[in-house]
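Okay, so here's the structure we're looking at.
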Amino acid sequence: MNTTPPRFSTGPTRGFTLVEIMIVVVIIGLLAALAIPAIRRSQRSSQNTRVINDFRVFTQAFEIFNTNNGGWPVTAAPGVVPNLPTSITDTLKAASWQSATTIGGLWQWDNSLTSTGTAGICIIGFTCTDEQLQQIDAKLDDGNLSTGNFQKTAANRVILVLEKN
C-alpha cells in the first residue's frame with residue numbers, strides 16, 4: 001500500500017486571475033461609455049443632414065412648379081404627393097416624399113397656411129427632440145423654432161415656409 005501523500009504542483013499556473021479579468025471588463029466598459037455618446041451625436045448629425053437635404057430638394061421642386069404655373073399646388077394629406085406634373089414629381093423624388101423622414105413623421109405640402117405664410121413644406125408626427133429641431137433650424141434658418149422660415153407650429157408639426165403672407 002502506498003502511503004505517500006499526493007503531490008501538489010507548486011509551479012506557475014496558467015490563466016487569468018479574477019482581478020485581471022475585472023480590470024479588462026472595467027476598461028471595456030469605459031471605452032463603451034465614451035463611444036456611445038459619440039455614436040449618437042454622429043447618428044443625429046446624419047439624420048439632420050438628410051432632413052435638411054430633403055427640405056432643399058423638395059423646396060426646389062415646389063419653386064419650379066410655382067415658377068412654371070404661376071402658383072403653388074393644392075394642399076395634400078401627409079405622405080401624399082401633391083398633384084404635380086411628371087417632370088416636377090421626378091425632381092420631388094416621390095419615394096422620399098412618401099416615406100417617413102429620418103426624424104420620424106411624414107412630409108406634407110400645405111398651401112393653406114394662416115399665421116406663418118401662404119405655402120410650406122411640413123413634417124407631421126416627428127419623434128425627435130426640440131434640441132434636434134433647433135440644430136436643423138440653425139442650418140436652414142435662424143436657429144429659433146418660433147421665428148423665421150422654419151418653425152414649430154404644433155407639438156408634432158414643423159414647417160419650412162416657402163412664401164410669407
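The values are calculated or read from the model by the stated rules, or taken from the named source; none is laboratory data. Only a predicted model underlies this, so the values are computations on that prediction, with no experimental measurement involved. Using ideal geometry, Cβ is built from the backbone for each residue, glycine included, and neighbour counts are taken over all protein chains shown.
Residues in the range 49-105 that are small (Gly, Ala, Ser) and more than 14 Å from ALA119 (Cβ to Cβ): ALA77, GLY79, SER87, ALA94, ALA95, SER96, SER99, ALA100, GLY104, GLY105. All conditions but one from (1) assigned to a loop (DSSP other than H, G, I, E, B); (2) at pLDDT 90 or above; (3) surrounded by fewer than 14 Cβ atoms within 10 Å (Cβ to Cβ) apply to THR67; the one that does not is (1). Restricting attention to the range 138-165 and to residues that are among the polar types (S, T, N, Q) and part of a strand (DSSP E or B), the residue that is farthest from ILE64 (Cα to Cα) turns out to be THR153. Sub-9 Å Cβ pairs linking a first residue in the range 47-70 that is closer than 15 Å to VAL81 by Cα and in contact (Cβ under 8 Å) with a residue 40 or more places away in the chain to a second residue that is surrounded by 13 or more Cβ atoms within 10 Å (Cβ to Cβ) and among the aromatic types (Phe, Trp, Tyr), at least 6 apart or interchain, are ASP54/TRP97; ASP54/TRP107; PHE55/PHE150; PHE58/TRP97; PHE58/TRP107; PHE58/TRP109; PHE62/TRP72; PHE62/TRP109, ordered by first then second residue.
Just a yes or no: is a residue in the range 90-98 in contact with a Lys or Arg (Cβ under 8 Å, 6 or more places away or on another chain) and free of Cβ contacts under 8 Å to residues at least 60 places away in the same chain? First the steps, then the outcome.
The first filter runs over the range 90-98 and keeps only residues in contact with a Lys or Arg (Cβ under 8 Å, 6 or more places away or on another chain), leaving none.
No: zero hits.
LEU113 falls short on exactly one of the conditions (1) closer than 17 Å to ASP54 by Cα; (2) over 12 Å from the mean Cα position of the chain (by Cα), and that condition is (1).
Conditions (1) surrounded by 14 or more Cβ atoms within 10 Å (Cβ to Cβ); (2) at pLDDT below 90; (3) hydroxyl-bearing (Ser, Thr, Tyr), marked per residue:
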{"site": "GLY15", "(1), (2), (3)": "no, yes, no"}
{"site": "ALA35", "(1), (2), (3)": "no, no, no"}
{"site": "ASN48", "(1), (2), (3)": "yes, no, no"}
{"site": "ILE52", "(1), (2), (3)": "yes, no, no"}
{"site": "PHE62", "(1), (2), (3)": "yes, no, no"}
{"site": "THR75", "(1), (2), (3)": "yes, yes, yes"}
{"site": "ASP90", "(1), (2), (3)": "no, yes, no"}
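Checked against the criterion of being in a loop (DSSP other than H, G, I, E, B), at pLDDT 85 or above and not aliphatic (A, V, I, L, M), the candidates GLY117, GLY104, GLY79 yield just one match: GLY104.
Do we have any residue at all in the range 131-138 that's of a type in the set (A, V, I, L, M, F, W, C), surrounded by fewer than 17 Cβ atoms within 10 Å (Cβ to Cβ) and out of contact with any Ser or Thr (no Cβ under 6 Å at 6 or more places or on another chain)? Looking through the range 131-138, at least one residue is of a type in the set (A, V, I, L, M, F, W, C), surrounded by fewer than 17 Cβ atoms within 10 Å (Cβ to Cβ) and out of contact with any Ser or Thr (no Cβ under 6 Å at 6 or more places or on another chain).
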